[in-house]
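Please read the structure below before turning to the comments.
The values are calculated or read from the model by the stated rules, or taken from the named source; none is laboratory data. Quick caveat: nothing in here was measured; it's all calculated off a predicted structure. Neighbour counts run over all protein chains shown; Cβ positions are idealised from the backbone, glycine included.
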Amino acid sequence: MPVARRATLRNVTLSLLGAVVLVLKPLYHGPAEAVFYSYVGNISVSFALYFAALNATSSYRRPRVVAGLATLLAVEAFEATSGFGVMGNTYDSVDFVANALGIALAVAVDVMTSRMLVARGPDD
């Protein structure tokens, strides 16, 4: 399978992983439960949206930069406008940091897994 196709598959899979974490978040019962409930949703959504945006920006010269900035703009605008005035959202200034952490985590995973995709060769 060509590298570009493997990268697309990886991006879709990681986007879905972020969505699964968001959906399963209510099942968590453990240490730091309040912190987990407050911020894991922001982190997982930002993570998922980064990989979705990465597929959309793959033809750009710097797809990671464009995807990261576009995702950051979208999630921070969502926070600043309290859900774009459409969705319910409770304002919490720490959410801005959690969103950025989710994107930073996604970029780190992207860099690490991209190296593995390229190392496998073009048509492995």
Query raised in the report: Would you call LEU49 part of a helix (DSSP H, G or I), closer than 18 Å to ALA98 by Cβ, without any contact (Cβ under 8 Å) to a residue 24 or more places away in the chain and aliphatic (A, V, I, L, M)?
Result: no
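Give region 55-83 a look and list any residue that's part of a helix (DSSP H, G or I) and more than 18 Å from the chain's Cα centre (by Cα), or say none.
The one that is part of a helix (DSSP H, G or I) and more than 18 Å from the chain's Cα centre (by Cα): ALA80.
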Report task. Would you tally the residues in region 29-39 being surrounded by fewer than 18 Cβ atoms within 10 Å (Cβ to Cβ) and under 20 Å from the mean Cα position of the chain (by Cα)? Result -> 4
Query raised in the report: Of the numbered conditions (1) modelled with pLDDT under 95; (2) in a helix (DSSP H, G or I), MET1 satisfies every one except a single condition; which is it?
Result: (2)
Query raised in the report: If VAL86 passes every condition in (1) part of a helix (DSSP H, G or I); (2) at pLDDT below 90 but one, which one does it miss?
Result: (1)
Report task. Mind listing just one residue for me: the one in region 1-46 that is without any contact (Cβ under 8 Å) to a residue 24 or more places away in the chain and of a type in the set (Lys, Arg) and, of those, nearest to VAL107 (Cα to Cα)? Result -> ARG5
Query raised in the report: Since ALA48 meets every condition but one in (1) surrounded by 14 or more Cβ atoms within 10 Å (Cβ to Cβ); (2) more than 22 Å from MET116 (Cβ to Cβ), which condition does it not meet?
Result: (2)
